[in-house]
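Take a look at the structure set out below.
The values are calculated or read from the model by the stated rules, or taken from the named source; none is laboratory data. As the structure is a prediction and not an experimental result, all values here were calculated from the model. Heads up, the Cβs are rebuilt from the backbone with ideal geometry, glycines too, and the neighbour counts pull from every protein chain shown. What goes into the accessible areas is simple: the full protein's heavy atoms, side chains included, and nothing from ligands, DNA or RNA. Shrake-Rupley method; radii C 1.70, N 1.55, O 1.52, S 1.80 Å.
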Amino acid sequence: MLRIAFLIIWLLLSAWLVVWTGEGLFGVNQRESILPFSGEDTLGGPILIGVAWGLILTFGGTMSGLGRRKRVRGDSQIGVGRIVEVTRTGLTVNDVPQYDIFIRVAPGAGGEFVSQLRMLVDATDAGSLQVGQPIPVRYSLTDQDTVELADMTDPVVRDAMLTWRIERGLLDPRLVRARTTGTQVPASVLAMRPTGRRLEGQSELALTVLMAPEGAATWEADTTAFVYPEALSHFQVGAPLWAFYRREDPQTVAVTVEKEAGR
């Protein structure tokens, strides 16, 4: 309701300014006007209306949706996109800047498309918006101009991200079964070294981890993981991790930095 009210007021002010401009350019008698708050004796009226028009366009759009990208509607799917460009819109809300993030999405069926995500990003998260970074999104099957950021706590979204990593070779094929059907347990990094391999902007690490399931004996296992440079601190010696393994093969281990619900 608020968004509709802002839109109506903004459209009325826009129409008033268009008529006032037209009268100034083409009107014969500049002393008379069909508009209220106009004419030679009320020059303050156009100024105030112009200021109100600008304020509603700048701030009303943020609060009401005017000038904001529409939400994904109708049938939608979860996909993984790659950031291709990040630009600031110039708008700041409570000292948090707004960004336009352009994302190339590769749907399960059909060709790739570039879409846009507009969102507020604080300073601590802005550094993670790197070109080439994968990002889970929800997109419409009928309108691909806009996407929404998908919720990483949703198991469906987690599965989509995992599938994306597997398809691009970011998870060693030997570790897929442990990662997808294994048991998740706490672990810690005992040793870490880069292998020199890079893929999709990520560096491969060779890890030795200490597996520490609750109420059971610990053991060591060797594994690998592709990691973004900004996430290397999560894999330093002594850092806690979560690891997946199958009981019949405890030496084949896949690791992650986040615990998955229900695992």
When you look at Val257, is it of a type in the set (A, V, I, L, M, F, W, C), open to solvent by 30 Å² or more (accessible area, probe 1.4 Å), out of contact with any Ser or Thr (no Cβ under 8 Å at 6 or more places or on another chain) and under 24 Å from Val80 (Cβ atoms), yes or no? yes
Scanning segment 211-237 for residues that are under 19 Å from Arg168 (Cβ atoms) and of a type in the set (A, V, I, L, M, F, W, C), which turns out surrounded by the fewest Cβ atoms within 10 Å (Cβ to Cβ)? Ala231
Ile103 meets each of (1) in contact with a strand residue (DSSP E or B) (Cβ under 6 Å, 6 or more places away or on another chain); (2) among the β-branched types (Val, Ile, Thr); (3) in a loop (DSSP other than H, G, I, E, B) with one exception, condition (3)
Using the structure shown, decide if Thr208 is in a strand (DSSP E or B), open to solvent by less than 80 Å² (accessible area, probe 1.4 Å) and farther than 29 Å from Arg82 by Cβ. yes
Restricting to segment 211-244, give me the number of residues that are more than 11 Å from Ala187 (Cα to Cα) and either assigned to a strand (DSSP E or B) or of a type in the set (Gly, Ala, Ser) (or both). 11
Collect the residues in segment 109-133 that are touching a residue at least 12 places away in the same chain (Cβ under 8 Å), exposed (fewer than 15 other Cβ atoms within 10 Å of the Cβ) and among the polar types (S, T, N, Q), keeping them in residue-number order. Gln116, Ser128, Gln130
Expected single match for polar (S, T, N, Q) and open to solvent by 40 Å² or more (accessible area, probe 1.4 Å) among Thr146, Thr87 is Thr87
Failed item in (1) surrounded by 14 or more Cβ atoms within 10 Å (Cβ to Cβ); (2) within 21 Å of the chain's Cα centre (by Cα); (3) within 25 Å of Arg246 (Cβ to Cβ); (4) not acidic (Asp, Glu), with Val156 passing the rest: (1)
Looking at (1) open to solvent by 60 Å² or more (accessible area, probe 1.4 Å); (2) assigned to a strand (DSSP E or B); (3) free of Cβ contacts under 8 Å to residues at least 40 places away in the same chain, which one does Leu190 not meet, given that it meets all the others? (3)
Which of the helices (runs of 4 or more DSSP H) found entirely inside segment 113-181 contain at least 1 residues meeting this: touching a Ser or Thr at 6+ places or on another chain (Cβ under 8 Å), closer than 22 Å to Glu204 by Cβ and not small (Gly, Ala, Ser)? 155-167, 176-181
